[in-house]
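Written out below as C-alpha coordinates is the structure these notes cover.
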Amino acid sequence: IIPGLTGVWVEDRKIAAIGVGASRWVTMHGFALNIDPDMSGFERIVPCGIEDKEVVSLKQILGSSCPSMPEVRQRAAELSGN
(Lines give C-alpha, C1' and ligand atoms only; values in the text may rest on other atoms or scores of the structure.)
Protein backbone atom coordinates (compact mmCIF):
# COMPACT_ATOMS: atom_id res chain seq x y z
CA ILE A 1 0.00 0.00 0.00
CA ILE A 2 1.29 3.40 -0.94
CA PRO A 3 -0.52 6.18 0.95
CA GLY A 4 -2.63 8.34 -1.35
CA LEU A 5 -2.39 5.99 -4.34
CA THR A 6 -4.92 3.41 -5.47
CA GLY A 7 -4.17 0.05 -7.00
CA VAL A 8 -2.15 -2.99 -6.11
CA TRP A 9 1.54 -2.47 -5.54
CA VAL A 10 4.56 -4.75 -5.40
CA GLU A 11 7.13 -2.72 -3.51
CA ASP A 12 6.92 0.62 -5.35
CA ARG A 13 5.70 -0.75 -8.71
CA LYS A 14 2.03 -0.88 -9.72
CA ILE A 15 0.77 -4.26 -10.88
CA ALA A 16 -2.99 -3.65 -10.89
CA ALA A 17 -5.41 -0.77 -11.21
CA ILE A 18 -8.72 -0.65 -9.39
CA GLY A 19 -11.46 1.76 -10.33
CA VAL A 20 -14.99 2.84 -9.59
CA GLY A 21 -17.13 5.38 -11.35
CA ALA A 22 -20.61 6.70 -11.82
CA SER A 23 -22.22 8.41 -14.77
CA ARG A 24 -25.86 9.14 -15.51
CA TRP A 25 -27.05 7.05 -12.56
CA VAL A 26 -24.98 4.04 -13.65
CA THR A 27 -22.16 2.76 -11.47
CA MET A 28 -19.12 0.91 -12.77
CA HIS A 29 -16.24 -0.90 -11.16
CA GLY A 30 -13.35 -3.04 -12.27
CA PHE A 31 -9.73 -3.91 -12.10
CA ALA A 32 -6.87 -4.46 -14.51
CA LEU A 33 -4.08 -6.88 -13.62
CA ASN A 34 -0.87 -6.78 -15.66
CA ILE A 35 -0.25 -10.47 -16.30
CA ASP A 36 2.06 -10.53 -19.33
CA PRO A 37 1.43 -7.43 -21.46
CA ASP A 38 3.84 -5.75 -23.84
CA MET A 39 5.27 -3.30 -21.31
CA SER A 40 6.88 -1.04 -23.94
CA GLY A 41 3.67 0.97 -24.25
CA PHE A 42 4.01 2.13 -20.66
CA GLU A 43 7.20 4.01 -21.61
CA ARG A 44 5.15 6.44 -23.73
CA ILE A 45 2.44 7.27 -21.18
CA VAL A 46 2.10 8.32 -17.55
CA PRO A 47 0.08 5.39 -16.16
CA CYS A 48 -2.71 6.55 -13.86
CA GLY A 49 -1.12 10.01 -13.83
CA ILE A 50 1.63 8.79 -11.50
CA GLU A 51 4.95 10.09 -12.84
CA ASP A 52 7.39 8.78 -10.25
CA LYS A 53 6.33 5.10 -10.05
CA GLU A 54 6.85 2.18 -12.42
CA VAL A 55 4.36 -0.35 -13.71
CA VAL A 56 5.21 -4.05 -13.46
CA SER A 57 3.71 -7.31 -14.69
CA LEU A 58 3.16 -10.64 -13.00
CA LYS A 59 5.49 -12.17 -15.61
CA GLN A 60 8.28 -9.76 -14.65
CA ILE A 61 7.93 -10.75 -11.02
CA LEU A 62 7.35 -14.50 -11.33
CA GLY A 63 9.25 -15.26 -14.53
CA SER A 64 8.56 -18.71 -15.95
CA SER A 65 6.27 -19.61 -13.05
CA CYS A 66 3.76 -16.90 -14.11
CA PRO A 67 0.30 -18.41 -14.67
CA SER A 68 -1.31 -18.15 -18.10
CA MET A 69 -4.21 -15.82 -18.86
CA PRO A 70 -6.73 -18.71 -18.77
CA GLU A 71 -5.39 -19.79 -15.38
CA VAL A 72 -5.68 -16.27 -13.99
CA ARG A 73 -9.17 -15.89 -15.47
CA GLN A 74 -10.29 -19.16 -13.86
CA ARG A 75 -8.84 -18.23 -10.47
CA ALA A 76 -10.41 -14.75 -10.59
CA ALA A 77 -13.79 -16.32 -11.38
CA GLU A 78 -13.42 -18.74 -8.45
CA LEU A 79 -12.48 -15.93 -6.07
CA SER A 80 -15.40 -13.79 -7.19
CA GLY A 81 -17.88 -16.59 -6.66
CA ASN A 82 -18.52 -17.30 -10.35
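Go through 64-77, 16-29, 45-58 and give me the packing order, highest mean Cβ count within 10 Å leading.
45-58, 64-77, 16-29
In nm, give the distance between the simple-model label positions of Val46 and Lys59, each being 7 Å from the Cα along the Cα-to-Cβ direction.
2.8
Can you give me the % of accessible surface on the chain that is carbon or sulfur? Probe 1.4 Å, all protein chains present, nothing else counted.
It is 56 percent, rounded to a whole number.
From the square roots a ≥ b ≥ c of the eigenvalues of the alpha-carbon gyration tensor of the range 42-82, which class results: rounded (a/c under 1.5), prolate (a/b over b/c), or oblate? Mind dumping the intermediate values first?
Values: a/c = 3.42, a/b = 1.77, b/c = 1.94.
In terms of gyration-tensor shape, oblate.
Per DSSP H run of at least 4 residues, take -39500 (n - 2.57); add these up for the chain, divide by its residues and hand me the 222 nm value, nearest 500 deg cm²/dmol.
Calculated mean residue ellipticity at 222 nm is -5000 deg cm²/dmol.
What does the convex hull of the alpha-carbon atoms of the range 5-65 project to on average, in nm²?
5.1
Where only protein heavy atoms count, and the probe is 1.4 Å, what is the accessible area per residue for the chain in Å²? Walk me through the intermediate numbers first.
Details: 6430 Å² over 82 residues.
Heavy-atom SASA per residue in the chain reads 78 Å².
Place +1 on the Cβ of every Lys and Arg and -1 on the Cβ of every Asp and Glu in the range 35-82, take the dipole about the Cα centre, and give the residue among Gln60, Ser40, Pro70 whose Cα lies farthest towards its positive end.
The one lying farthest along the dipole's positive direction is Pro70.
The values are calculated or read from the model by the stated rules, or taken from the named source; none is laboratory data. Just so we're clear, the structure is a prediction, and the values are computed from it rather than from any experiment. Cβ sites come from the backbone with ideal geometry, for glycine too, and all protein chains shown count toward neighbours. Areas reflect the complete protein model, heavy atoms only, side chains present, ligands, DNA and RNA absent. Shrake-Rupley method; radii C 1.70, N 1.55, O 1.52, S 1.80 Å.
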